[in-house]
Each structure stands twice: as structure tokens, then as C-alpha cells.
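The values are calculated or read from the model by the stated rules, or taken from the named source; none is laboratory data. For clarity, every value in this text was computed on a predicted model and none was experimentally measured. Positions of Cβ are backbone-derived with ideal geometry, glycine not excepted, and every protein chain shown enters the neighbour counts.
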Amino acid sequence: MDEIKNENIAPNDMIDILINKEDGELTFTSIIANCLTFLQAGNITSSSSINWLVYFMAKHQDIQDKVRNEVNMHMPMLSYNTDCDLMFSSVQKLT
């Protein structure tokens with residue numbers, strides 16, 4: 001951890017910010033614990049959101065059809081090629 005502190009690189013992510021915390025109260029173990037907490041919290045909220053989306057789509061076939069048609073219209077490569085790269089610019093076209 002001292003090697004990381006001595007590099008004098010501006011913090012770019014959460015780990016850098018925790019390591020460079022000026023009060024020095026965080027130990028290596030507490031930094032790892034904080035990172036795992038953030039990772040788990042993000043995982044739980046993402047999976048919950050996806051579960052509700054799937055449930056909602058199953059209950060509302062008309063909306064499911066609209067979403068499928070829009071995806072097929074803006075991203076036809078997903079209809080026939082499962083190995084294609086999904087581009088952010090394609091996702092931005094969706095309403």
C-alpha cells in the first residue's frame with residue numbers, strides 16, 4: 001500500500017481515494033471491506049432492477065413487444081448474431 005501512496009498519482013477511482021485519505025484511519029483491511037461493500041451493494045441493486053424489469057415485461061406483453069420491435073429496429077445485428085459487439089451509440093438510439 002505504501003508503494004501506491006508514494007507514486008504521487010492523482011486519485012482516479014474509489015480505491016485511490018480510500019488509500020490517499022489524509023487522516024490515515026483506514027487500514028488495508030478496511031479498504032478491502034469498503035470495496036466489497038460497494039461491489040455487493042451495486043450487485044444487489046442491479047439484480048433487483050433486472051428482476052423487476054423481467055417481471056414487468058412478463059406481465060405486460062404489449063410493452064414487451066414494443067421493446068422487442070424497437071431493439072430489432074435500432075440493433076438488427078442482435079437479431080441474428082449473438083457474437084456481435086453492442087455499441088453504446090446503438091443503445092442511445094433507444095427511447
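Only a single criterion out of (1) surrounded by 10 or more Cβ atoms within 10 Å (Cβ to Cβ); (2) at pLDDT 75 or above; (3) in a helix (DSSP H, G or I) is not satisfied by Ile4, namely (2). Considering only residues that are touching a helix residue (DSSP H, G or I) at 6+ places or on another chain (Cβ under 9 Å) and under 22 Å from Met14 (Cβ atoms), look in segment 35-65 and name the one that is surrounded by the most Cβ atoms within 10 Å (Cβ to Cβ). Within segment 35-65, the match that is surrounded by the most Cβ atoms within 10 Å (Cβ to Cβ) is Cys35.
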